[in-house]
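Here's the structure we're looking at; comments come further down.
The values are calculated or read from the model by the stated rules, or taken from the named source; none is laboratory data. Keep in mind it's a predicted model, so treat the numbers as computed, not measured. Cβ placement follows ideal geometry from the backbone for every residue including glycine, while neighbour counts extend to all protein chains displayed. Keep in mind that these areas ignore ligands, DNA and RNA; they rest on the heavy atoms of the full protein, side chains included. Shrake-Rupley method; radii C 1.70, N 1.55, O 1.52, S 1.80 Å.
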Amino acid sequence: LDSDELRFFGAVVSLSVVLITFNIAGQYGSPLTALRHAFFQVASIISTTGFASTDFNLWPEFSRVILCFLMIVGACAGSTGGGIKTTTIFVLAQEIRCIFSKQRPGAFRRALPANAIAKASTIGLLGMLVVCCTTFLLCILEPGLPFISLLFEAVSAYSTAGLSTGITAQLCLAAKLVLIFTMYTGRVGAFTLLSLWVDRPEPN
């Protein structure tokens, strides 16, 4: 990670910890205890270790949505963590910034190549598509379970974060198979799997 990307990543993590802390402070009675749980869970999600120090069913939906976003972002490039990677989010954020500032896409005092922006957009779109399709299928197969819990399971499976709201054992066989397929897709990468089915011209 370069300095600009570290600052961007640190800002996202810090903001997430602060928002979650304020949102769950009432659950623990002490802001310090809430901060400890929020920081630990955010760190666990970024490293995709699967450790949980609390019952997520006790957390408000707003906090669980933030965790879902962090799980989709995932770990840094080059690591064994899941998600679409922080570099993908960074490139997309630079593209959005440059659109509003009417400047050429760039970072670290260098222009971003067009293929990097296209690849980041494709990875982000495919990741969101896999999560949406998984959540849609889970809602059909398990209509009696809360939507936020099914979304949490789908995002956790795609990012291989290893976290759960405790409903995994209640899922039917078909729903578990959907999650298994999503985990394999997230581990290998939707972009990689899609490229296997694309015909490439033979080099001359």
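Side notes on the structure shown:
- If only residues of segment 114-134 that are over 12 Å from the mean Cα position of the chain (by Cα) and among the small types (Gly, Ala, Ser) are counted, the one that is least open to solvent (accessible area, probe 1.4 Å) is Ala120.
- Qualifying residue in segment 20-33 (condition: modelled with pLDDT under 80 and in a helix (DSSP H, G or I)): no
- Top-ranked residue of segment 141-166 - restricted to ones that are β-branched (Val, Ile, Thr) and open to solvent by less than 10 Å² (accessible area, probe 1.4 Å), ranked as farthest from Leu67 (Cα to Cα): Thr165
- Condition met for Thr86 (modelled with pLDDT under 90 and crowded, with 17+ Cβ neighbours inside 10 Å): yes
- Leu138 modelled with pLDDT of 85 or more, open to solvent by less than 80 Å² (accessible area, probe 1.4 Å) and closer than 17 Å to Thr48 by Cβ: no
- Residues (without any contact (Cβ under 8 Å) to a residue 24 or more places away in the chain and closer than 14 Å to Leu151 by Cβ) located in segment 111-139: Cys132, Cys133, Thr135, Phe136, Cys139
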